[in-house]
Amino acid sequence: VKAEKLSYNYTIAGSVSEAKQIIDSESFDIVITDYLLGGGTAFDIFDSIIDTPIIFVTGAGDEELAVKAMKAGASDYLVKDPERNYLKFLPVTVENAIKHKKVERELKHAEEVLRESEKMAALGRFVAGAAHEINNPLAIIAGNAQYLIEWLRDKRGEDFSDADIDELINSLDLIQKNCMRGGNITTQLLVFSRHGKQPVKLPMDLNTSLQAVLTLMRHQMELSNIKIDIQLDSLPLVLANHEQMEQVFMNILTNSWHAMRNGGQLNIHNFKTED
């Protein structure tokens, strides 16, 4: 290092015990170790060296010993020669070992990021599936609650007292509101599951998607005295994300339903132009 004026800061250990003590107390970019050390061999300190490249140097062994060192965790090895020419290769060997370790760490980090991404993707798929499964029964509960409210209103003055009817309507109204609250939560879960994720676009039939959403909501709308007129043109397949398009249709239909609390006419028409 001195002769070549290399810009290395270094610490020297003369024995296994001294090496272990230094390794435990300091941090190094690289460890260069002779095979034979005072009080043991290089293999006695390998377990103490964590995530640091090791260059194994031997003059007392052969290629077989070097292979053993590589299997034990050494990054590279140098064989001593009487003229000490091996030292000329030391700087290059050090730089290569450090670069190799850097690439190894970057790959490890990339793998960890990928694993975390896969975990989040799996979580997102689970959340999206769970949200859809929860939304369907919520819609049924809310629809039946609305049906019971309308039925009870028709029974005023007949089988039930006004006080009983009002109490039941308030309870059913509470059910509806909490169904809506649950629906909002599942919608937020869907947004979370798609955050930072590019939607997968596939050829799809918009009419099929629209009809599926309408099937879920038709009963609720009819109970709210909303008449539906649907006229769908024969459309070509479009490139879109199936789940997101269903969410779009669900939002539009829900907004229309909420805008007609006293009933009304909902017209759903689509058509294609020449292009």
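Worth a mention:
- Given their separation in residues at 0.36 nm each and the Cα-Cα distance between them, Glu133 and Gln231 gain 32.4 nm when the chain is fully extended.
- Rounded to the nearest 20, the size of the Cβ-charge dipole of the chain about its Cα centre is 480 debye, with Lys and Arg at +1 and Asp and Glu at -1.
- Loop chymotrypsin sites (Phe, Trp or Tyr not before Pro), segment 170-275, which have at most 15 other Cβ atoms in a 10 Å radius of their Cβ (DSSP): Phe271
- Tensor-based shape of segment 1-109 (alpha-carbon gyration tensor, a/c under 1.5 rounded, otherwise prolate or oblate): rounded
- Across segment 1-109, C-alpha contacts under 8 Å between residues 6 or more apart give a mean separation that, scaled by the residue count, equals a relative contact order of 21 percent.
- Segment 138-275, relative contact order [Cα under 8 Å, separation at least 6], %: 28 percent
- Relative to the longest principal axis of the Cα atoms of the chain, helix 16-25 runs at roughly 40 degrees.
- Segment 18-106, accessible surface, carbon-and-sulfur percent (1.4 angstrom probe): 51 percent
- Under the criterion of Cα pairs below 8 Å and six or more residues apart, the relative contact order for the chain equals 12 percent.
- Per residue value of the accessible surface for segment 122-181 (all protein chains in place, 1.4 Å probe), Å²: 65 Å²
- Between Leu123 and Glu83, the modelled labels are 6.2 nm apart [label points 7 Å from Cα along Cα→Cβ].
- Long-range HN-HN contacts of Ile228 with modeled amide H, under 5 Å: Leu266
- Cα gyration tensor shape for segment 14-74, rounded if a/c is under 1.5, else prolate or oblate: oblate
- For segment 172-180, the Karplus equation 6.51 cos²θ - 1.76 cosθ + 1.60, evaluated at θ = phi - 60°, returns couplings of 5, 5, 5, 4, 4, 4, 6, 5, 5 Hz by residue, with Gly and Pro reported as x.
- Nitroxide proxy distance, nm - points 7 Å out along Cα→Cβ at Thr215 and Ala72: 6.9 nm
- Projecting the Cα atoms of Val79, Ala19, Ala69 onto the charge dipole of segment 12-96 (Cβ charges, centred on the Cα centre) puts Val79 farthest toward the positive pole.
- Using θ = phi - 60° and Karplus 6.51 cos²θ - 1.76 cosθ + 1.60, couplings along segment 135-147 (whole Hz; Gly, Pro as x): 4, 4, x, 4, 5, 5, 4, 5, x, 5, 4, 5, 4
- With loop membership from DSSP and a limit of 15 other Cβ atoms within 10 Å, the longest segment of the chain without GluC sites (Glu not before Pro) is 159-273.
- For segment 1-69, applying the loop criterion from DSSP together with a ceiling of 15 other beta carbons within 10 Å to the chymotrypsin sites (Phe, Trp or Tyr not before Pro) yields Tyr8, Tyr10, Phe28.
- Placing a label point 7 Å from the Cα of Asn262 along the Cα-to-Cβ direction, the residues of segment 209-251 whose backbone N falls under 17 Å of that point are 224-227.
- Here the sum of -39500 (n - 2.57) over DSSP H runs of 4 or more residues, divided by the residues of the chain, equals -20000 deg cm²/dmol at 222 nm, to the nearest 500.
The values are calculated or read from the model by the stated rules, or taken from the named source; none is laboratory data. Computed from a predicted structure; not experimentally measured. Every residue, glycine among them, receives a Cβ derived from its backbone with ideal geometry; neighbour counts consider all protein chains shown. What goes into the accessible areas is simple: the full protein's heavy atoms, side chains included, and nothing from ligands, DNA or RNA. Shrake-Rupley method; radii C 1.70, N 1.55, O 1.52, S 1.80 Å.
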